[in-house]
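Read the structure below first, then the notes.
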Amino acid sequence: MEITGKVVILGPMGVGKTSIPLRYIQKFFFGNIQPTVGSSLLLCKLVIDDITVNLQIWDTAGQERFRSLVPMFYRNANAALFVFDITSMESFQSMQGWVNELKHNLQNSVVTCVIGNKLDLSKNREVPTDVARQYAKSINARYYECSAKRDQGIGAVFDYVARGVVEQLANTSDHESGNTTNVAYSNNSNTIRNDTERTINTKSRC
């Protein structure tokens, strides 16, 4: 069985929205990435419980001037990742505005994660882990902390997202695969990452 899920990454500028998927998919980190203009698309493939999960990961611009364009990218999303910088309380508060906007404009239920990035700079932390975790719980989201620079904690994010998409889409009869086979969901199953991917608009990243 093969399914496709749309993942949108939201949050303010400069928190690592581009660095996180690039580290996971393309296995590299650039310290100085230009801000995303509009959006960029990354594709990755995982196998969970013999189910091929194709993730379409939309990285959106964090600048205020592009905010009006973002709704067209998160329409019909299956999962949303809200990213902030653990060394910036301002970014954490700004991220909450993106959460409220998505809730206001998206009617369907989505797999949701709140991600505190830049764990490698934890000595400069401004956002306590307990505060962020409690906020994530309040919006029914899973909380993760990670470091795109050190490739720390990122795999767990996409594993959770892929499993959530499986659970969400496996029994949907009108999904593009046309396969309505029931799928057992297990937290103990193996995940295999396929390194086949495609990047669109790679000159525009944040």
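Computed from the coordinates by the stated procedures, all read-outs in this text should not be read as laboratory data. Note that the coordinates shown come from a computational prediction; the quantities given were computed from them, not determined experimentally. Here Cβ is always computed from backbone atoms with ideal geometry, including for glycine, and neighbour counts include all displayed protein chains.
What residues have an amide H closer than 5 Å to that of A148, excluding those fewer than 5 places away on the same chain, when H is modeled at 1.01 Å from N in the peptide plane?
K118, L119
Between L41 and A156, what is the FRET efficiency for a Förster distance of 22 Å, r being their Cβ-Cβ separation, to the nearest 0.05? Write down the numbers at each step before the final one.
Numbers: r = 23 Å, r/R0 = 1.03.
The value I calculate is 0.45.
HN-Hα J couplings of the range 116-128 from phi, Karplus 6.51/-1.76/1.60, θ = phi - 60°, integer Hz, Gly and Pro as x?
Each residue's phi maps through the Karplus curve to give x, 8, 6, 4, 5, 10, 4, 5, 9, 4, 10, 9, x Hz.
To make sure I understand the rule: partners must be lysines, Cα under 28 Å from the Cα of K149, and not fewer than 8 residues away in the same chain. Which ones qualify?
Leaving aside lysines fewer than 8 places away in the same chain, those within reach of K149 are K6, K17, K27, K45, K118, K123, K137, K203.
Order these peptides, 12-23, 140-151, by their mean beta-carbon neighbour count within 10 angstrom, highest first.
Values: 12-23: 24.2, 140-151: 18.7.
Final packing ranking: 12-23, 140-151.
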